[in-house]
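Enquirer: I am attaching a structure below and will ask some questions about it afterwards.
The values are calculated or read from the model by the stated rules, or taken from the named source; none is laboratory data. Since the model is a prediction, treat every value here as computed from it, not as a measurement. Every residue, glycine as well, gets a Cβ built from its backbone with ideal geometry; the counts of neighbours run over all protein chains shown. With ligands, DNA and RNA removed, areas are computed over all heavy atoms of the protein, side chains included. Shrake-Rupley method; radii C 1.70, N 1.55, O 1.52, S 1.80 Å.
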Amino acid sequence: LSRLTAGLSRSSASLTGGISSLFTKRKLDAATLEELEDLLIQADLGVETAMAITERIAEGRFNKQISPDEVRRILAEEVTKVLAPVAQPLVLDTGHKPHVVLVVGVNGTGKTTTIGKLAAKLSAEGRKVMLAAGDTFRAAAVEQLKIWGARTGAPVVARDTGADAAGLVFDAMQAARDAGSDVLLIDTAGRLQNRAELMAELEKVVRVIRKHDPSAPHSVLLTLDATTGQNAMNQVEIFGRTAGVTGLVMTKLDGTARGGILVAIAAKHALPVHFIGVGEGIDDLEPFTAEDFASAIAG
Ligand code: GDP
């Protein structure tokens, strides 16, 4: 929580600073409300949510004075309302063995790291975890996953760079079944430079998983880098269409985060948010909670 607060508050400093200068010794009028709405939109919260918050703040207070603290309190309340329905744990006890988790996202957003952290968490809960190095395009990605495998004790199914990702994933499905794994975490490629090719590969990976187990993948997690801001919305739409995303993980909320976009995404897509990444370490994956996130944003 402390690192989330530190990261997000750095980005929301302009928001909280803006609120302070807007509402100190000023009455609530149309101009102030418009400036507030602009501030909220600049913080990536989305037009709809920005309008709803502004309206709520205006209610019964027109031409009256309102303190910056009061504005921040209402802001946190409204953001909590948007985020509470999407704050949902990742449910793995669905009776599927293995429960197949496909992890997708743009390169650099934290797929491999999130898989490593998740493997540690699930192993600690007593689950038998297997990893599949489905980003066969980048040698570094395969190596990194192997390191996480060694660190967490989870076996890693990998092939040489350039190998067919779908073929590897098929092998991993078989290996996880043979080994009696509870959870199979599958890493994937995320090079957006060649979007059509990437999406074709992802679709093929999903087909191969289904061929093996028609009920799988049971979870499709999309990692979003909190420092990217508005672009995250496009990523939700692109990967949602291709891979059928079932849940989100927002990473790097310890850095110079711009987490406001998660509010806009929640308002528009109502996708569950399972975890947040607050660092590069093995324990730096936390469950997502609406209240903590909202109060970090509101400052
Ligand atoms: P991938 O290409 O999507 O697999 O991304 P990686 O897992 O390789 O992560 C890219 C970089 O971001 C690496 O240097 C990670 O250590 C770093 N990273 C991942 N998650 C977090 C996080 O929550 N916080 C911070 N500060 N860094 C992170």
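Enquirer: Under a no-solvent Debye model with one identical scatterer per Cα of region 148-299, what's log10 I(q)/I(0) at q = 0.09, 0.14, 0.15, 0.22 Å⁻¹?
Expert: -0.33, -0.80, -0.91, -1.47
Enquirer: Compute for region 217-295: radius of gyration divided by Kirkwood radius, i.e. Rg/Rh, restricted to C-alpha atoms, rounded to two decimals.
Expert: 0.94
Enquirer: Another question about this same structure. Hey, with R₀ at 22 Å, roughly what FRET efficiency would residue 241 and residue 268 work out to, going by the Cβ-Cβ distance, to 0.05?
Expert: Calculated value: 0.95.
Enquirer: Something else now. At a Förster distance of 25 Å, what's the computed FRET efficiency of residue 61 paired with residue 14, Cβ-Cβ distance as r, to 0.05?
Expert: 0.60
Enquirer: Under a GNM of the chain (C-alpha, springs under 10 Å), which listed residue has the highest mean-square fluctuation: 19, 276, 66?
Expert: Top of the fluctuation ranking is 66.
Enquirer: Using 0.36 nm per residue of separation minus the Cα-Cα distance, give me the extension gain between residue 30 and residue 177 in nm, one decimal.
Expert: Net length gain for the segment: 46.7 nm.
Enquirer: How large is the translational diffusion coefficient of region 100-221 in µm² per second when you combine the Kirkwood radius over alpha carbon pairs with Stokes-Einstein at 10 °C and 1.306 mPa s?
Expert: Taking Rh from Cα pairs, D becomes 114 µm²/s.
Enquirer: Residue 64 accessible area, nearest 10 Å², 1.4 Å probe?
Expert: 110
Enquirer: Further question: Determine the distance separating the Cα centre of region 251-299 from the Cα centre of region 38-102; give it in Å without decimals.
Expert: 12
Enquirer: If you average 1/r over every pair of different alpha-carbon atoms in the chain and take one over that average, what Kirkwood value in Å do you get?
Expert: After inverting the pairwise mean of 1/r, the radius is 20.0 Å.
Enquirer: Provide the FRET efficiency to the nearest 0.05 for the residue 150-residue 197 pair, computing r from the beta carbons and using R0 = 35 Å.
Expert: Plugging the Cβ-Cβ distance into 1/(1 + (r/R0)^6) gives 0.70.
Enquirer: Also, quick follow-up: Taking just the alpha carbons, could you work out the radius of gyration and Dmax for region 48-120, both in angstroms?
Expert: 20.2, 61
Enquirer: Among 19, 155, 80, pick out the residue whose Cα is farthest towards the positive end of the charge dipole of region 1-160, where Lys and Arg carry +1 and Asp and Glu carry -1 on C-beta, about the Cα centre.
Expert: Positive-most Cα among the choices belongs to 155.
Enquirer: I've got another one for you. Using only the alpha-carbon atoms, how far is helix 231-243 inclined from the longest principal axis of the chain? Give it as 0 to 90 degrees, nearest 10.
Expert: That helix lies at roughly 40 degrees to the long axis.
Enquirer: Return a whole-number percent for the relative contact order of the chain, with Cα pairs under 8 Å and 6 or more residues apart as the contact set.
Expert: So the answer I get is 29 percent.
Enquirer: When the label point is put 7 Å from the Cα of residue 124 along its Cα-to-beta-carbon vector, which residues of region 277-293 have a backbone N closer than 11 Å?
Expert: 282-287
Enquirer: If you place +1 on the Cβ of every Lys and Arg, -1 on the Cβ of every Asp and Glu, and leave all else neutral, what size is the dipole of the chain about its Cα centre, to the nearest 20 Debye?
Expert: In total the dipole reaches around 260 debye.
Enquirer: Taking a quarter of the surface of the convex hull around the Cα atoms of region 146-204, what do you get in nm²?
Expert: Taking the Cα atoms of region 146-204, their convex hull projects to 4.7 nm² on average.
Enquirer: Hey, what's region 205-299 come to in accessible area per residue, 1.4 Å probe, Å²?
Expert: In whole numbers, region 205-299 has 35 Å² accessible per residue.
Enquirer: Okay, moving on. Mind putting a number on the dipole of region 1-123 about its Cα centre? Charges go on the C-beta only, +1 for Lys and Arg and -1 for Asp and Glu, and I need it in Debye to the nearest 20.
Expert: It comes to approximately 640 debye.
Enquirer: A further question follows. When the chain is fully extended, how far beyond the present Cα-Cα distance does residue 84 get from residue 280, taking 0.36 nm per residue of separation?
Expert: 67.9 nm
Enquirer: Top mean-square fluctuation among 260, 17, 279, Gaussian network model of the chain, C-alpha springs under 10 Å?
Expert: 17
Enquirer: Mind jotting down the three principal axis lengths of region 1-153 based on Cα atoms? Whole angstrom, largest first.
Expert: 62, 34, 26
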